[in-house]
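Down below is the structure, laid out as C-alpha cells.
No value in this document is a laboratory result; all are computed from the given coordinates. Since the structure is predicted, the reported quantities are computational estimates derived from the model, not experimental observations. Here the Cβ is made from the backbone with ideal geometry for all residues, glycine too, and neighbour counts use every protein chain on show.
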Amino acid sequence: MCFDPQRHRRRSLRLKGYDYAQAGLYFVTICAHERECLFGEIADGEMVLNEYGQIVREEWLRSFDLRAEVERDEFVVMPNHFHGIMVLHDGRGTARRAPTVERFGHPVSGSLPTVMRAFKSAVTRRINRIRTTPGTPVWQRNYYEHIIRNDDKLQRIREYITNNPAYWTMDIENPNHDGRHDEVAPKDFLDTL
C-alpha cells in the first residue's frame, strides 16, 4: 500500500503551536496496548508490580536521571496504564531564538514528546526482550497530556495519582470495572481539569 497523506494523516492530540519544550508541569497518561493488564495487579487497594511493572517504574525514574532539565513529581504504575507528572525546566538559557515545536523526524531534546518517546521505547525494548517478542507493542500509540497551569490543579492531580490504586474497582480502565461511580474518584476526572 502506498502512502497517501490524506488517508494516512496522523491526528495530533497536542495543542497546535504550543511549545512542549517550554518550562512547565505536565500530567501524562499512557495506556498499555489494547489495555492489557500487563504491569501487575491491585491487592487491597495497593498496586503490586510484576516484572514488567518494575521495568515501567525503573525506566520512568531513569528518564530523570538522564535529563537534568526534567524533574519528576507524583506517578503511579497501574495494571494497564501509567500516570505521571513531569516538570520541564528551561535548560536552554534565557536566549531563545524561536519556539521549539517538535515536528516528525525532528525531536527536540528535553521536550515532552522526546522524553515520552524515549520512555515508551525503553520500556517496550526491555519487556519485549524478556518476552522474546521483538516488535510487539507494549503501549497504545500516543499518550494523553495535560498542561498543569496552577497549584490547585497540581494538588488535585497529585491526589488523583496517589489514590488511583484504591479506586481501581471503579476505574473505567479496569477490564473488571464494577460499574459504580464515586464522587471521590470521578469517572471523567480528566474532563474536570
Report summary line: Placing each pseudo-label 7 Å from Cα in the direction of the beta carbon, Ala166 and Asn150 end up separated by a distance in nanometres of 2.5
Requested in this report: Taking amide H positions as placed in the peptide plane 1.01 Å from N, state which residues far from Asn50 in sequence (5 or more) or on other chains have amide H under 5 Å from it.
Outcome: Gly40, Glu41
Report task. Pop a pseudo-label 7 angstrom from the Cα along the beta-carbon direction at both Glu74 and Thr133 and give the gap in nm to one decimal. Result -> 3.2
**Report entry** Packing-based order for 124-131, 41-48, using average beta carbon neighbours within 10 Å, highest first
**Finding:** 124-131, 41-48
Report task. Sort the following peptides by mean Cβ neighbour count (other Cβ atoms within 10 Å, averaged over residues), highest first: 165-175, 134-144. Result -> 165-175, 134-144
Report summary line: For the His89, Asn50 Cβ pair and Förster radius 30 Å, calculated FRET efficiency rounded to 0.05 is 0.35
